[in-house]
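First comes the structure, then the notes that go with it.
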Amino acid sequence: MAEANDKELIREFRDPKSRNFAFSKLVNTYQERLYWHIRRIVIDHDDADDVLQNTFIKVFKNLNNFREDSQLFTWLYRIATNESISFLKKQRKHIFVSMDDVAHSLSSKLEADPQLSGDAIQLKLQQAILKLPNKQRLVFNMKYFEEMKYEE
């Protein structure tokens, strides 16, 4: 059912008359799922909002070129992942610190974040996940938080 709706959404987007309306529907449909995926990678709420905005800008510019070889969400998810990784790389370059220092900084933001209502165990889990290398952290998040298979 979702795939049929996605095809209709893409068809509407490709029509200049309904492009803006279709894009609004796309954002409303996928923004929360993508936000939490991005948030697990970049940790900070404001950073996640920025990366999400960049993701949707990229989607708007490139949706006409979407080949429909995969599901729409898979394509959006890949863009969000790439934007998150790019953000982390830029952040690391700008502050000239080691990944351990970046992890410590993100951990501090995690502790101070009022939007996270987790208990002490969840906080410790998130801090431990932050100590993983980027690729391992991504795989962990995809497997355990987003319940994806290893093959995906």
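Points worth noting:
- Out of ARG67, ARG19, sole residue that is surrounded by 14 or more Cβ atoms within 10 Å (Cβ to Cβ) and either at pLDDT below 95 or touching a helix residue (DSSP H, G or I) at 6+ places or on another chain (Cβ under 6 Å) (or both): ARG19
- Residue match in segment 138-151 (condition: closer than 21 Å to VAL27 by Cα and modelled with pLDDT of 90 or more): no
- Within segment 34-64, being modelled with pLDDT of 95 or more, surrounded by fewer than 17 Cβ atoms within 10 Å (Cβ to Cβ) and of a type outside the set (A, V, I, L, M, F, W, C) holds for ASP49, ASP50, GLN53, LYS58, LYS61, ASN62.
- Looking across segment 55-65, the residues that are without any contact (Cβ under 8 Å) to a residue 40 or more places away in the chain and either over 22 Å from LEU130 (Cβ atoms) or acidic (Asp, Glu) (or both) come down to PHE56, ILE57, LYS58, VAL59, PHE60, LYS61, ASN62, ASN65.
- Criterion applied to GLU12, GLU32, GLU68 was being of a type in the set (Asp, Glu) and on the phi > 0 side of the Ramachandran plot, and the one residue passing it is GLU68.
- A residue that is assigned to a helix (DSSP H, G or I), modelled with pLDDT under 85, within 12 Å of the chain's Cα centre (by Cα) and over 30 Å from ARG11 (Cα atoms) occurs nowhere in segment 115-124.
- Scanning segment 1-45 for residues that are basic (Lys, Arg) and touching a residue at least 60 places away in the same chain (Cβ under 8 Å) gives LYS7, ARG40.
The values are calculated or read from the model by the stated rules, or taken from the named source; none is laboratory data. Since we're looking at a predicted model, the values are computed, not measured. Cβ atoms come from the backbone with ideal geometry, glycine included; neighbour counts cover every protein chain shown.
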